[in-house]
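Down below is the structure, laid out as structure tokens.
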Amino acid sequence: MTDVTGFSARGDVRPPYAMGGEKETLTAFLGYLREAVIAKAAGLSDEVGLTPGVPSGTSLLGLVKHLTRVEYNWFGWAYAGRGEQPLDDDEPPLPGETGGSLIAAYQEAIRASDETIAACDDLDRRGERSLRDGEPPSMRWILVHMIEETGRHAGHADILREQTDGATGR
């Protein structure tokens, strides 16, 4: 199957060997996990990608939509102060949303998040607001949280993809 997003299913890819400072290391690992999620969702038909693989209703493309909104909420809404309110990150894919559109939206969210990260010259700097009670978190906290969040869902995506066509690897 041709993948219109430029990504296709891949085998095992090792984590990055980041040699920069803290910010470069954190962003390298976040980028690695983002690419893993995209690779797991790429190359599937919309029907397969949108079909829940577990009783809770989670699908590969549902994970992509969730991570898209989490990127926006933490980097855009909370840290940079963009938008009126955070997005519902539990909203499932809607009728008419496709694998191509959901992956493209995730890639756009990543691009916007990366701009916010690049503009931050102090990882201790707190954002504009918080998605939780209390003080807005620092960029460092958001980066670590997003590595944890994306890594957790990359693992889910590994299992869901293997269930669809047997593809394995990071």
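Brief remarks on what is shown
- Spin-label model distance (nm) - Ser45 vs Val13, 7 Å beyond Cα toward Cβ: 2.6 nm
- Solvent-accessible ranking of Trp74, Trp141, largest area first, probe 1.4 Å: Trp141, Trp74
- Residue order for Tyr106, Tyr72, Tyr17 - accessible surface, 1.4 angstrom probe, largest first: Tyr17, Tyr72, Tyr106
- Accessible area of the range 72-170 belonging to carbon and sulfur atoms, whole % at 1.4 Å probe: 49 percent
- Relative contact order for the chain, counting Cα pairs under 8 Å that sit 6 or more residues apart, in percent: 30 percent
- Accessible area per residue in Å² at 1.4 Å probe, computed on the range 51-170: 51 Å²
- Look at where the Cα atoms of the range 13-90 and of the range 116-170 average out, and the two centres are 7 Å apart.
- Estimated FRET transfer efficiency (Leu94, Ala28; beta-carbon r; R0 41 Å; 0.05): 0.80
The values are calculated or read from the model by the stated rules, or taken from the named source; none is laboratory data. Quantities reported herein were computed from a predicted structural model and do not represent experimental measurements. Glycine gets a Cβ as well: all are built from the backbone with ideal geometry, and neighbour counts include every protein chain shown. These area figures cover heavy atoms from the full protein model, side chains too; ligands, DNA and RNA do not enter into them. Shrake-Rupley method; radii C 1.70, N 1.55, O 1.52, S 1.80 Å.
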